[in-house]
Amino acid sequence: MQLFFNPNIDSTTESFSFDKEESRHIIKVLRKKDGDILHVTNGSGLLFETQITLASDNKCTVEVLSITNAEKPKFHLHLAVAPTKMNDRFEWFLEKATEIGIQEITPIFCDRSERKVINRDRFEKIILSAMKQCNETFLPKLNEAISFKEFIKRKQNGLSLIAHCEETDKKSLKEVLKPNEDVTILIGPEGDFSEKEIALALENNYKPVTLGNTRLRTETAAVVACHSVVFFNE
């Protein structure tokens with residue numbers, strides 16, 4: 001199934017038109033025509049089966065035939081991850097985490113971060129493409145990038161965890177997880193969190209965890225954490 005995206009439709013929508021760029025892609029590139037069936041999601045769990053009623057490359061219009069409401073996950077997974085020095089590594093994480101089933105992502109700038117600027121528009125496009133590619137109907141939320149200190153002040157729902165590499169008393173991720181519990185996990189930069197950041201996280205009720213016995217790259221650690229939580233809740 002090929003999946004299309006329109007964030008402006010809901011369960012009351014009977015017909016709608018794609019924007020010019022998407023319309024051109026549907027009609028000119030994919031060579032769709034009147035009467036063809038398109039599957040569309042709004043990124044909020046709804047899957048629309050639609051039929052083209054106007055095959056215009058300026059304004060492709062469809063009629064809604066049926067709507068399926070996907071079951072929302074019983075837990076909310078939020079990863080706050082330091083952007084990697086090489087953009088493609090962070091983009092890989094975004095793609096894989098979306099495929100696995102993450103709900104929310106916040107890029108955080110840390111004391112040892114080598115990258116302090118991100119291209120949010122590009123990141124959002126990667127997440128959207130990954131959602132469509134794996135036929136998911138929930139679009140993960142990508143938040144604005146903020147500093148570690150600013151993020152740590154914000155109240156998070158459920159379990160709050162920090163994964164770091166310091167030789168301190170830590171439990172494994174599977175030891176602290178509970179079924180269907182919301183969880184926020186902090187993943188640091190290539191040089192790990194600073195001692196001050198770890199102490200600040202602990203002061204704000206974050207629990208320290210380990211993701212295994214090997215030292216992982218930032219993007220690998222983030223994907224491991226994402227998969228572990230989703231797998232634990234299956």
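The values are calculated or read from the model by the stated rules, or taken from the named source; none is laboratory data. Quick caveat, the model's predicted, so the values are computed rather than measured. In this analysis, Cβ positions are derived from the backbone assuming ideal geometry, glycine residues included, and neighbour counts consider all displayed protein chains. Surface areas here come from the heavy atoms of the whole protein model, side chains and all, with no ligands, DNA or RNA. Shrake-Rupley method; radii C 1.70, N 1.55, O 1.52, S 1.80 Å.
If the requirement is being over 30 Å from Lys153 (Cβ atoms) and acidic (Asp, Glu), which of these qualifies: Glu95, Glu22, Glu104? Write out each step before concluding.
Numbers: Glu95 fails: over 30 Å from Lys153 (Cβ atoms); Glu104 fails: over 30 Å from Lys153 (Cβ atoms).
Exactly one residue qualifies, and that residue is Glu22.
Does the range 108-115 contain at least one residue that is aromatic (Phe, Trp, Tyr), under 12 Å from Val81 (Cα atoms) and in a strand (DSSP E or B)? Give the steps one after another, and end with the answer.
First, pick out the residues of the range 108-115 that are aromatic (Phe, Trp, Tyr): 109.
Those left that are additionally under 12 Å from Val81 (Cα atoms): 109.
After this cut, where a residue has to be in a strand (DSSP E or B) as well, the list is 109.
Within the range 108-115, one or more residues are aromatic (Phe, Trp, Tyr), under 12 Å from Val81 (Cα atoms) and in a strand (DSSP E or B).
Do you know which residues across the range 196-234 are of a type in the set (Phe, Trp, Tyr) and under 20 Å from Arg154 (Cβ atoms)?
Applying the first criterion (of a type in the set (Phe, Trp, Tyr)) to the range 196-234 yields 206, 231-232.
Tyr206 - this is the single residue of the range 196-234 that is of a type in the set (Phe, Trp, Tyr) and under 20 Å from Arg154 (Cβ atoms).
Which one of these does Thr12 not meet: (1) open to solvent by 50 Å² or more (accessible area, probe 1.4 Å); (2) within 24 Å of Asn157 (Cβ to Cβ); (3) at pLDDT 95 or above?
Condition (2) is where Thr12 drops out.
Looking at (1) within 25 Å of Phe232 (Cβ to Cβ); (2) open to solvent by less than 10 Å² (accessible area, probe 1.4 Å), can you tell me which one Glu99 breaks?
If we test Glu99 against (1) within 25 Å of Phe232 (Cβ to Cβ); (2) open to solvent by less than 10 Å² (accessible area, probe 1.4 Å), just (2) comes out false.
Being out of contact with any strand residue (DSSP E or B) (no Cβ under 7 Å at 6 or more places or on another chain) and at pLDDT 95 or above: is that true of Arg115 here? Can you show your working first?
Working: out of contact with any strand residue (DSSP E or B) (no Cβ under 7 Å at 6 or more places or on another chain): yes; at pLDDT 95 or above: no.
No.
Just name the residue that is least open to solvent (accessible area, probe 1.4 Å) out of those in the range 67-92 that are more than 17 Å from Val230 (Cβ to Cβ) and of a type in the set (D, E, K, R).
Glu91
Those residues that are free of Cβ contacts under 8 Å to residues at least 24 places away in the same chain and either open to solvent by 70 Å² or more (accessible area, probe 1.4 Å) or more than 21 Å from Glu136 (Cα to Cα) (or both), I need them from the range 26-50; list them, please.
Passing the criteria: Val29, Arg31, Lys33, Asp34, Gly35, Asp36.
Output the number of residues of the range 10-38 satisfying the condition of being within 19 Å of Lys125 (Cα to Cα) and touching a strand residue (DSSP E or B) at 6+ places or on another chain (Cβ under 8 Å).
Total satisfying the criteria: 4.
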